Every structure is written in structure tokens, then in C-alpha cells.
Amino acid sequence: MAESENEVEVLVQRVVKDINNAFKRNPNIDEIGLIPCPEVRYNRSPIMLVENKLGVESWCVNFLLPYVHNKLVLYRQRKQWLDREALVDITCTLLLLNPDFTTAWNVRKELLQCGALSPERDLYLGKLALTKFPKSPETWIHRRWILQQVLRECSPPVPDRKEQGDGDRRDAADRMRLSEHLHRVLHDEMKVCADAAGRYPSNYNAWSHRIWVLQNMAPGNLKVLHDELSSMRQWVSMHVSDHSGFHYRQFLLKALVRELSQSLSSSSPQHYHPQPSSNPSHSPHTANPHHQANGEATAAAPCPSPPSPEDLASVPAVPQLFHQEVELCTDLIKSFPGHETLWCHRRLVFYLWHNWRRDHDHHNGQGFDSESPQPNHTDTGLSSHPHTACPGGVRLDRVQRRNGQARQGQDAMEVDVVDVGVPDPRDTKRLKRGPPGPCPPALPSEHSFVASVLDGCRSPEQGRFALAYRKWLDSVIGQ
């Protein structure tokens, strides 16, 4: 029996060593997996490294996993001593095979706090574990803990008043470097979440982590939110039954509507939210130190800077966002009939638009008609769009000064023509017949959409979802 235990220990030590040597030979390994092999066939290492893929033959897992598990438990019980290098190797091997072992992640937290590990190395290990176990909750929790450490390291200290002038000049380069580092971490984390969501359908843990990253590493960042919403169009078009993916898209839409409404309704700088440009040096800011997500406190954030007018103009206004989202829902519902996820998403989008329009009109002192919630030219959210704003309102004063009086009731398009010369009725008609701007959703248009779906419906599920949606419109919106 003793000889058998010694043989197992020698075997396991060799496998652990081979795994670590594989990472040293190729630091760009991007995926791990098990190779079906129930028994030993050759006298060779069970670790296979092909290009950037690491494979472990399944026969050795029955020996390897219990051994490293017991080794780590004995260490935590203070019954066996292990140095830092051995702990790094054992926890790495254990978590690649079983990433939901909380004790191993806690040991790596201690190693990271004492400087034996770097945050980048632990993020890399978690990324590899998610390629085999994309839904591992303990791995996502550990990643959030590491990202909090990164945010604390990237938060600049508050200088004293005497040293504030010299500190600003001295820390300018450091702030630039930290901003670029945060930008890279945010980009890499979005990619990890997207890969994990693609490997497992309705991966709630991956999508929740993605929301947490945006809330804590890019709070109120209009450009990041809009880029995420745009990049998600293709993903949801290929995963029309993934409720978690559409829930993430709803989060992006609600966050954009909230930030755009606050930015457009307030002119004071303290109500603005950070908006970076495409330059990597513009960093996403962290969240409020009192904010908590998933039971974890966030790190302190630097003071956000207000977005520039160019940054605000790069993001569509609220009515245009809803128009684009409803168009996407229409295309997907007609292209992929019988998917309840698409109808639920359309229901929430229209409900958000209905509430936003009602609150917006109430704030501006206007009446609200649920049957036709159409925007007018006085809408602040439409003022930056050429198809919906009044294009001739600025030139009216010049026409008045030139002619001494303004023609009451004159059309805006005719004012533009008068400003450049003698009006030509044919040109005026031609301008009036131009393509209309984007029309936000309204209750009559939704009823027309449901009627068109029912007319050409061949799927029983599609008809049932359409009737349920029409009943919801009449009972909730049409009241």
C-alpha cells in the first residue's frame, strides 16, 4: 500500500510539473480541455499542448484531483507546510480541473495580497478555467475581487494642498498610464464575458458579471454603453432565445436613457457623467465607493469629467434609440417566428418608451396622449437630429431683419428657401417630399404591427405571442 501511495505521489508531481512547464513554454494558452482516455496506453505525459490548446488525458484526473485537493486541505488545516511556489502550482492545477473550489481561490487571494501573484496572472487563470467551465460562479466572484484590487491600485491618492501643484504635474504621466491600463482591462473583460456567454446558453453568471463591470469600471460612460449596445445587435440576432443576452441589452438601453435624460435636462457639470473618446487614454471611471453589487463593495473612483458636446452628439437621442430598438425587434420577430424572448423584449422596450415619454412631457409641461406619443420640434432630445429638429428656426430672425416683418405661419422649409433667394414653389414641394425622420414607437403603430403578424402568421406560437402582446398593450398602455 505504501508503494502504491508513493507511485501516485510521483505521478501527480510529474503531472503538476508538466502543466506548469506547458505554461512556461507557451504563455499564450487560450483554452483547456479534457482528452477522453480511460486508461494509460503509452508511457508518456498525459499533458498535451497543441498550438495554444492545453489538453489533459482523462485517466489521470482520478489521481490528480483528489491528491491536490487533499494537499490543499491539509495546508489550510495547518497539518502540512507548503511554500508559496508550491501553493501557486497546486492551486493552478486544482482550479483548472475544479474551479468551484472556494478554498483554492481564497489561497490565491492571500498569495496576491502578499505579492506572490499578480492580478493579471489570476485573471488569466480564471479566463482559462472559464473556457472549460463557463458558468463557474466562484470564478466570476474571484474575478470581481481582483478587478476591485485593480481599481484601487488605479485610483490616484488625494494629494496635500502644499504638494497639490507639484503632484499634478508629476502624476500626469501616471494618470495617463493608469487610464490606458484600465481601458485594456475593461476591453479584455468584455471579451471574456462574450466568450463565456457563447460557450453556454443563457449564461446568467457571465451576463451579470458583464453588467457589474460596466457599473463599476465605466459608470455612466455614454460611449461605452452605446458601443456595447451596437455590438450586441449581431449577438442577439444569432441567439434569439437567450433571455440573459436580451436582459443585458435592456440594461444597456435603460442606462443610456437615464444618462441621456440627465445630460440633456441639466446644464450643471455635476450632473454630467463621464464620456471617453476613442483614445485609449480616456479611462472609464469607477463607481461610487458606497455602491455595492453582488454583496461586494466597490473601490473609490476618480472625479468624472463632463462629456463634451461632440461626445454627446455621437450618441443618438432617446427617441432614436427606441426607434432603432423597435426596428430590431420587428426584424427578429418576423425573421424568427415563435420565440417568446423577442416578444418579451419588445414589450419591455415599448414600456420604457411609454414611461419615458410620459415623464418627459410632464417635465416640460406638455400633455401626453398615449395613443400618439409622437415627439415635436420642442423636444430637447430631438434638437440634435436633422430629421426631427426645426431646421429653419435659427434663420427666422435674419429674414425678419431683412424684410422688416415675418410672415406668420410660414413653413420652416420655406424660410430656408427665402433666406438664400427668391422662393421656388417646386423646390419647396420637393423639400417637403423628402424622406421623413425616424418615427418613435406609438400605440397605433404597435397595433398595426400585431395585425400584420397575425395576417401572415403560420406558426401557432407566433400567433399566441402576438395576441398576448396585443392584450398587454390594451390592458397596460391603452388605459
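Some points to look at:
Yes/no per residue for (1) surrounded by 16 or more Cβ atoms within 10 Å (Cβ to Cβ); (2) part of a helix (DSSP H, G or I); (3) modelled with pLDDT of 95 or more; (4) more than 11 Å from the chain's Cα centre (by Cα):
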residue	(1), (2), (3), (4)
K162	no, no, no, yes
R184	no, yes, no, yes
E189	yes, yes, yes, no
P201	no, no, no, yes
H209	yes, yes, yes, no
W212	yes, yes, yes, no
V224	yes, yes, no, no
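- Pair list, Cβ under 9 Å, 6 or more apart: region 172-197 residue more than 16 Å from R152 (Cα to Cα), other residue open to solvent by 70 Å² or more (accessible area, probe 1.4 Å) and not in a helix (DSSP H, G or I): A196/K135
- Region 226-239 - residue that is charged (D, E, K, R) and within 10 Å of the chain's Cα centre (by Cα) and, of those, least open to solvent (accessible area, probe 1.4 Å): E228
- Within region 240-260, tally of residues that are buried (at least 18 other Cβ atoms within 10 Å of the Cβ) and either modelled with pLDDT under 80 or within 21 Å of D361 (Cα to Cα) (or both): 6
- Top-ranked residue of region 1-27 - restricted to ones that are among the small types (G, A, S) and loosely packed, with under 10 Cβ neighbours inside 10 Å, ranked as modelled with the highest pLDDT: S4
- Complete set of residues in region 36-59 that are within 21 Å of D195 (Cα to Cα) and surrounded by fewer than 16 Cβ atoms within 10 Å (Cβ to Cβ): V50, E51, N52, K53
Matching residues to (1) assigned to a loop (DSSP other than H, G, I, E, B); (2) modelled with pLDDT of 85 or more:
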position: R426; (1), (2): no, no
position: P435; (1), (2): yes, no
position: S445; (1), (2): no, yes
position: S448; (1), (2): no, yes
position: V453; (1), (2): no, yes
position: R458; (1), (2): yes, yes
position: K471; (1), (2): no, yes
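The values are calculated or read from the model by the stated rules, or taken from the named source; none is laboratory data. Given the structure is predicted, the values throughout are model-derived calculations rather than measurements. We place every Cβ from the backbone using ideal geometry, glycine too, and count neighbours over all the protein chains shown. For the accessible areas, the whole protein counts, side chains as well, though only heavy atoms, and no ligand, DNA or RNA atoms are used. Shrake-Rupley method; radii C 1.70, N 1.55, O 1.52, S 1.80 Å.
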